[in-house]
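Colleague: After the structure tokens below, expect a handful of questions from me.
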């Protein structure tokens, strides 16, 4: 008996999936590459790109799992990085048979004799910047270019550890111990993690570093900007090593996006954006390919809004390249993977009439015959894919494209030796040769059907199938259920309906058995035939009467807010006044709101309608009004509201959808009932279908009643009293007329990016650049042309103004802003006043353009503008205008009117604190802010003595002292309001707030405080000379040296108090003649503080202490005896000189404890230190104490 394994074998080359990092230099991967027309189109595109024939250098290659993307890129990288490789010749022969143009391109590239450095990036748990640098580092190391590997924090940390190991072994030992005890890593583990740039390994090093370096912080000077690193390395590669550039592949980009933490995704996307901009700029020959199995847009709700928003900045810089493999090519790949004895296959097929019929009938299916001519079908499908039935292959390819992952794909099914794979099926099959039906595909991918809950349709069909499988008794029934599930998952009802024939052709069962088992499954209430679709379906409400459950939920409902539900589900929600929008080059819209007549009549102000959902107009669709009795009430209330933007629709018949809305609420409640869904998981998809159907029916009813062109409602508004609006155009013209009258002064800004209520983060960035240029008076000639966001926004908003040809709307808006600014002269006003005015009647300006116009008017002011956040003045920056747009109610404007006196006053202060050159360069908008910042910088630079004296110094009158004290108090405030400080607080220190007098006293006060330390120094010099009996003109250093020499040997060598020791020690070492420096050191010796830290009483304390110390030392010198109670210590110091000192031994409690502590410390070291080592340590300490 012949078995499959006797003449069928799977090509081993298909067994292992491609790993770009591991297989990059593996020539066997070149040999195993099977070129297809679709893959060669992609290869051709990238070859043209590196040869300068195409512009896109940053792309995202998108294709399902298991289609050969990685293998294609591996081949491309091997061609680019090793064009001289002889294995490429063999590949060329295979390529040329299929596509001569691609083969020619490969030859052209090889003839250039230049190569690219291949860089593979794969990010798992590290930030993207580190991943890019690690990929580059590994690529350089592999290429033998370790000498140009970029610096990084990781590399510098390892250098530091190497330095400790070589030069500071004790430090290294402590480092290793702390790494293990505090972070659970042996040093070898840590090094491996650093090589892989694992962030937690670097963080562990940062924490340990201060503990082994006396508190230092690990802050190496490293260029960590990824774009700059790549730019620099690429330049070296091209100029020094003859490379053509860098070709970077970001492998598994989809998995990176899916597994990324939301908090840091925006940061990483900025890195990717910078790299794409570098590639697309053309400055460097750098190419980037991100590999993904689907576009970000295709994720739907699987990704959070924040992640999708963060990707927006990158999306426009990554050109999508679709890896589209035709179904025909896929069949050919399956054929290439299955080796068999063709003659034996033909003999087997000829013997089996059922098999022969299945193969012939399958070709008649539209989904197969559309792909192949008869001859191709016989070669590729019938014989090439043997022993798989044609529909088994078709379903394998289709399902794989929907759910496959790296570990489960077409190729793993064909070639991996694992349960359920074709390899294992062939090896373990002991039956006579037969065709393999599609049920094996269901079994192999079943786990993915279960886990992929985001693929709602596929997961739901799996749930239904699993329920049915649990009830089925026979293997043939289970086979049919699995095939049905696969056919349902494909969703190709037109070409491959779930009927008797499709199930028969896909199952491998005899036709009679299929018919019999389908009948039994229907009788068992597991499947049902649907006449509407002419196909089988699983019985959805298995075990539960779903209609009964819906009715039970409806019974629980009390009063239902129909209008709220309509607002949530209505597709009839916005209408655009097209004629107006076209004329004014913008998008205005009217928003539908559904209300009861009672709710509308209770409305006191029309503004309430616009608060929750802002719009340019409101269309009120009344749900229960009677046009015969309620028309006049509505018309009268419209007059009372006095708002032309409100349009009311009264239907011919009241809306009768309460029953459907109640059913919808019930279905939604069941969908949210976790207990119910856990017990009836199979119903989840059915409830979804119920919900969709109900929403469709309700919306159909809304369109019928509330689309005026249907003629089933009456239109009431301020423009016309009654309008039946028999056409779409007629109603739209009515809305346009409303806008023309209400928003007649709207500026015409032809740029949808900026002319909107909420602009994107990318547009905000461009707007900030423009606002910065406006505020700083920069030229804008660079934006006269080009398609950059800044250029298009500038041309739409400011160019006409700059050229003096602005249309009326823009002029009126600028005038409105200037009137607001004029109101702010001498009195602050909230920006909300301006925003309400500009967005209200007449203007209706979109918030996106307002910051640009405000900045322009502020930049042209002769007066000084001040912006306040609540009560605090803030610097005028482009970012502030973004904040004002978000919360205008929190910000206000104050304009300091210019006068001759104020200007002179400010200029004087700028000359005093900013310098002549600096103050002339300060712009008007932040003039006060910069001036106050300079004053604070000066104040913080003063010595402590100048900012802390609390009594009036000698020689200063009381009035000047009071002014300086007030000046210091004002400047001490860390966050002052510049205008308030300069024009209110500082002038408040002088009589009648005279600005000229204020400037004079500030100047004098500054000069006094600048020289205060010097004056104290002079006083200390005078006091010191007086104590030592010197004349004013005598040299202080000479006087002190002479006195020191006069002292006896005992005075110089006696170890008295700390002050005596410090004083005599300094005098013995004194080399300088600078008297200011001398008294600084004397202050430290006598008072243990430097002069800049003196307080009011410090000079007196200095005089008293210095006189006392002088007398004490002289008294010591008068005692001739060196014996008595005194003891002597003598040793040779570290400088080789003899040191001889006397001291009096005192046994008090403090010294007793010190002695015990030292003895304990010595004992703790025990024999680990020799006696001479212990003595050496003690002598070093003594030498340090006696200096």
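Colleague: Alpha carbons only, please: Rg and Dmax for the chain, in angstrom.
Modeller: Cα only, the chain: 43.6, 134 Å (Rg, Dmax).
Colleague: While we're on this one: How far is helix 850-859 tilted, in degrees, relative to the longest principal axis of the Cα atoms in the chain, given as a value from 0 to 90 rounded to the nearest 10?
Modeller: 30
Colleague: Take every Cα-Cα distance within region 761-898, group them into 5 Å bins from 0 onward, and report for each bin the whole-number percent of pairs it holds.
Modeller: All Cα pairs considered, the percentages come to 2, 10, 21, 24, 22, 14, 6, 2, 0.
Colleague: Between residue 515 and residue 364, what length in nm is gained on full extension when 0.36 nm per residue of separation is reduced by their alpha carbon distance?
Modeller: Computed gain between residue 515 and residue 364 is 52.4 nm.
Colleague: Now for a separate question. Largest first, please: the extent of the C-alpha atoms of region 461-611 along each principal axis, to the nearest Å.
Modeller: So the three principal-axis extents are 74, 46, 23 Å.
Colleague: Still on this structure: More than 25 Å apart: what percent of Cα pairs in region 1014-1119 qualify?
Modeller: The answer is 13 percent, as a whole percent.
Colleague: Run the numbers on region 909-994 and let me know its relative contact order in percent, using alpha-carbon pairs under 8 Å that are six or more apart.
Modeller: Relative contact order here is 29 percent.
Colleague: Sort 913, 247 by Cβ crowding within 10 Å, fewest neighbours at the top.
Modeller: The fewest-first ordering by Cβ neighbours comes to 913, 247.
Colleague: Taking the simple approach of a point 7 Å from Cα along Cα-to-Cβ for both residue 805 and residue 660, what is their distance in nm?
Modeller: Spacing of the two 7 Å Cα→Cβ label points: 5.4 nm.
Colleague: Distance in nm between label sites at residue 556 and residue 693, each 7 Å beyond Cα in the beta-carbon direction?
Modeller: Result for the modelled spin labels: 2.2 nm.
Colleague: Please state the relative contact order of region 327-538 as a whole percent: Cα pairs under 8 Å, 6+ residues apart?
Modeller: 19
Colleague: Can you give the Rg and Dmax of region 303-385 based on its C-alpha atoms, in angstrom?
Modeller: 21.0, 63
Colleague: Using 0.36 nm per residue, how much length does the chain from residue 127 to residue 431 gain when fully extended, once their Cα-Cα distance is taken away?
Modeller: Result for the pair: 104.0 nm of gain on full extension.
Colleague: Rule-of-thumb check for region 543-601: C-alpha Rg over 2.2 N^0.38 Å?
Modeller: 1.85
Colleague: Using a Förster distance of 45 Å, how high is the FRET efficiency between residue 900 and residue 1093, based on the Cβ-Cβ distance and rounded to 0.05?
Modeller: Rounded to the nearest 0.05, the efficiency is 0.55.
Colleague: Could I ask something else about it? Which of 998, 792 comes first, and how do the rest follow, when ranked by fewest Cβ neighbours within 10 Å?
Modeller: Ranking 998, 792 by Cβ neighbours within 10 Å, fewest first, gives 792, 998.
Colleague: Given R₀ = 56 Å, FRET efficiency for residue 629-residue 451 by Cβ-Cβ distance, to 0.05?
Modeller: 0.40
Colleague: OK, next. Between helix 199-212 and the chain, what is the angle of the helix's C-alpha long axis to the longest principal axis, kept within 0 to 90° and rounded to the nearest 10?
Modeller: 10
Colleague: Would you mind checking the tilt of helix 390-403 against the longest principal axis of the Cα atoms of the chain, expressed as 0 to 90 degrees and rounded to 10?
Modeller: 30
Colleague: Another question, if that's okay. Let me see the pair-distance distribution of region 960-1049: every alpha carbon pair, 5 Å bin width, integer percents in order.
Modeller: All Cα pairs considered, the percentages come to 2, 12, 16, 14, 10, 7, 7, 7, 8, 8, 4, 2, 1, 0.
Colleague: If you rank 514, 88 by fewest surrounding Cβ atoms within 10 Å, what's the result?
Modeller: The order, fewest Cβ neighbours first, is 88, 514.
Colleague: Also: Fully extended, how many nm does the chain gain between residue 938 and residue 585 (0.36 nm per residue separation, minus their Cα-Cα distance)?
Modeller: 121.8 nm
Colleague: Where the centre of each part is set by its Cα atoms, how far does region 169-233 sit from region 258-322, in angstrom?
Modeller: Distance between centres, Cα-based: 30 Å.
Colleague: Turning to a different aspect of this structure: Once both labels are modelled 7 Å past Cα along the beta-carbon direction, what's the residue 199-residue 836 spacing in nm?
Modeller: 4.5
Colleague: Can you give the FRET efficiency for residue 1058 and residue 1174, using 1/(1 + (r/R0)^6), R0 = 25 Å, r = Cβ-Cβ distance, to the nearest 0.05?
Modeller: E(calc), rounded to 0.05, equals 0.50.
Colleague: Further question on the same structure: At 222 nm, what helix-only mean residue ellipticity would the chain give, in deg cm²/dmol to the nearest 500, using -39500 (n - 2.57) for each DSSP H run of four or more?
Modeller: It lands at -17500 deg cm²/dmol.
Colleague: Jot down the radius of gyration and Dmax of region 909-994, Cα atoms only, both in angstrom.
Modeller: Calculated on Cα positions, Rg and Dmax stand at 13.9, 43 Å.
Colleague: Mind checking the log10 I(q)/I(0) for region 452-549 at q = 0.10, 0.16, 0.20, 0.21 Å⁻¹? Debye, one equal scatterer per Cα, no solvent, two decimals.
Modeller: Log10 I(q)/I(0), no solvent term: -0.25, -0.65, -1.01, -1.11.
Colleague: Got the relative contact order for region 597-750 handy, in percent, Cα pairs under 8 Å and 6 or more residues apart?
Modeller: Relative contact order comes out at 23 percent.
Colleague: Can I ask one more? Starting at 0 and stepping by 10 Å, how many percent of the alpha carbon pairs of region 674-818 end up in each bin?
Modeller: Reading upward from the zero bin: 9, 22, 18, 17, 19, 11, 3, 0.
Colleague: By per-residue mean of other Cβ atoms within 10 Å, what is the highest-first order of 262-268, 156-162?
Modeller: 156-162, 262-268
Colleague: Can you list, largest first and rounded to whole Å, the semi-axes you get for region 151-222 by taking the square root of 5 times each eigenvalue of its Cα gyration tensor?
Modeller: Taking √(5λ) for each Cα gyration eigenvalue gives 16, 15, 12 Å.
Colleague: Here's something else I'd like to know. Which percent, nearest 5, of DSSP beta bridges in the chain are antiparallel?
Modeller: Looking only at bridges with both residues in the chain, the antiparallel portion is about 50 percent.
None of the figures in this text is laboratory data; all of them are computed from the coordinates on show. Keep in mind it's a predicted model, so treat the numbers as computed, not measured. All Cβ positions, even for glycine, are placed from backbone atoms using ideal geometry, and neighbour counts span all protein chains on display.
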